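For reference, the structure I am asking about is given below.
None of the figures in this text is laboratory data; all of them are computed from the coordinates on show. Note that this is a predicted model, so its numbers are computed, not measured. All Cβ positions, even for glycine, are placed from backbone atoms using ideal geometry, and neighbour counts span all protein chains on display.
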Amino acid sequence: MRNDFHMAAMLTFDEKDFQSILNGMVDGVIIIDHQGSILMFNKTAETMFGYQREEVTGRNISMLMPEPDSSSHDAYLHNFISTNDAHIIGIGRDVTALKKNGETFPMHLSVIEYPAQVEGNRWFIGSCKDITLNKQQEEQLNRSIKMEAIGKLTSGLAHDYNNMLGVILGYSELLSDKAKDQPELMGYIEAIQQAANRATSLTQKLLSISRKRTDSAEATQINDILKNNQEILSKTLTATIKLSIHTENDLWPVFIEQGCLEDTILNLSINAMHAMPEGGELDFTTSNIHIASVDAQVLNIPSGNYVKLSIRDTGIGMKEDVVSHIFEPFYSTKGDKGTGLGLSQVYNFVTESNGTIRVYSEPGLGTCFSIFLPRYRHEQSNNEPANAAPDKENKLNGSENILIVDDEPELLRLTKDILLSYGYTVFSSSSAKEALLTLENETIDLVISDVVMPDMDGFELAHIISYTHPNIKIQLCSGLANVTGKTVTNETLAKNILTKPFTSKQILTNVQELLNN
């Protein structure tokens, strides 16, 4: 039989089975005709773009593209039909795609033309892959390469500056011996020495950018570091800032340079103080966590046991474009008052300690730095495996229907993958309004929602759900400490917020507790 007969048969007499085959594919699959009208749209594409198949069938494919691609697509397709001059047909390329909620995301698109015409029409099959995670990992790699290059440059510069400063300090000391009886000259000499000492301190910071971990690294208890530095931190911060420290008992040791961790704690505390000119709260929290493989992929570290140190403030927060640059050397938001070296030192220390650091910030609500450092394995019991994974048989599996609401696509996909792997049926929405539409059409047992979202925050969403669907359990999540929202009507929800970034075991445990309560 001819290929076009097979294709036509699948789409007319057995369309349901054909759609099931498409739904089983990992990549998003979209089939269009020669006019650009969408004929088929699989489940992965629904999740990727936020549309249900019924919403896009029959509509032009340009609806999934941002401008200017959207406006020029029809002309391109018409030109290809007329001339067979292809620019993307048969060739994969990275493009920018458009979601239903207006967000864009990077996508790898491969398009082929079905070799035979179906009922006189030419058909095109597009394979879509969301490469947001790939782009993030690429950015992290580029940042590491940039840091290494800058480190080599600054190391050479700092070495030469130190030599010159040594000469300046040496001669100023000789002058001071000869000018003891001349107070005016001694004043000049002391000013020179103070400036040279400050410059020496700055060159030490430059050198720290390229410094690798040395033999001074040792097994360290972060709780002890926090306890020993609590008084210094209290004196450094203004009286209007409330300092609180929450430590986990039996915290695992880590293998680090203690002095670098102390510098990191002080650095982040001073930054937090500058972000809270009118006062606020600064909170340090330590915990033992296991990073499973799905979490490790996002954090770009090996799976295993880690110690997590979180530093949260209730300050002015940062915009996304600022967060993306804060670890770069010489980048500063303080103008002439900052060197731009503090956070680059923090980043260098954490990565050289085989850990990672993540930042979550919202303008007007505050910032949270989360540092993950690997557990020092030599201190472990011989009976305990170093990378003990969460036990899937430990009452973590389920079959209920869960709706995840988050405006961060990567976190939305991560949480969905975790819950799907443990047997749950998962629905996802990128906004509160979209979530309410899902609740009208699906039976949901539990809603997991971010707090800080555009248009409607998590507390407002929970308030509506409690009236319209009182039997649905709700779990709110946030990366910030100050998440009171616009309408906090449920203090229990506010008290039991799950802190981002959370591990797979944390979210699964919370889900089980809520569903079994």
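Can you run phi through the Karplus equation (6.51, -1.76, 1.60; θ = phi - 60°) for segment 463-478 and list ³J(HN,Hα) in whole Hz, with x for Gly and Pro?
4, 5, 4, 4, 8, 7, 9, x, 8, 7, 7, 10, 10, 9, 10, 7
Can you compute the FRET efficiency between R198 and Q35 using 1/(1 + (r/R0)^6), with r the Cβ-Cβ distance and R0 = 60 Å? Round to the nearest 0.05.
0.30
May I ask you to order 245-251, 349-355 by the average number of other C-beta atoms within 10 Å around their residues, highest value first?
Working: 245-251: 12.7, 349-355: 19.7.
Highest-to-lowest ranking by the protection proxy: 349-355, 245-251.
What FRET efficiency would be calculated for the residue pair R93, V359, taking the C-beta separation as r and a Förster radius of 30 Å, to the nearest 0.05? All intermediate terms of the calculation are to be shown ahead of the outcome.
On the way: r = 31 Å, r/R0 = 1.05.
So, using R0 = 30 Å, E works out to roughly 0.45.
Sticking with this one: Ordered by packing density, taken as the mean number of other Cβ atoms within 10 Å over each peptide's residues, highest first, how do 304-313, 234-243, 423-432 rank? Don't skip to the end; give the middle numbers.
Numbers: 304-313: 23.2, 234-243: 13.2, 423-432: 19.6.
Result, highest mean first: 304-313, 423-432, 234-243.
Which order results if L493, L343 are arranged by neighbouring Cβ count within 10 Å, fewest first? Before the final figure, lay out the partial values.
Values: L493 20, L343 23.
Going from least to most buried by this count: L493, L343.
Which length gain, in nm to one decimal place, applies between T425 and E352 when the Cα-Cα distance is subtracted from 0.36 nm times their residue separation?
22.3 nm
Order 102-109, 260-267, 20-27 from most to least packed using the mean count of other Cβ atoms within 10 Å.
My ranking of the peptides, most packed first, is 260-267, 102-109, 20-27.
Each label point is 7 Å from the Cα along the Cα-to-Cβ direction; what then is the distance between the points at S176 and Q52, in nm?
7.9
For each of I131, I371, count neighbouring Cβ atoms within 10 Å of the residue's Cβ, then give the residues from fewest to most.
Fewest-to-most ranking of I131, I371: I131, I371.
Restricting to Cα pairs below 8 Å that are 6+ residues apart, what does the relative contact order work out to for segment 220-379? Please round to a whole percent.
On the way: 286 pairs, mean separation 38.4, N = 160.
It rounds to 24 percent for segment 220-379.
At a Förster distance of 45 Å, what's the computed FRET efficiency of I21 paired with E248, Cβ-Cβ distance as r, to 0.05?
0.40
Could I have the simple spin-label model distance between E434 and E218, label points 7 Å from Cα toward Cβ, reported in nm to one decimal?
Going by the 7 Å Cα→Cβ label model, 5.2 nm.
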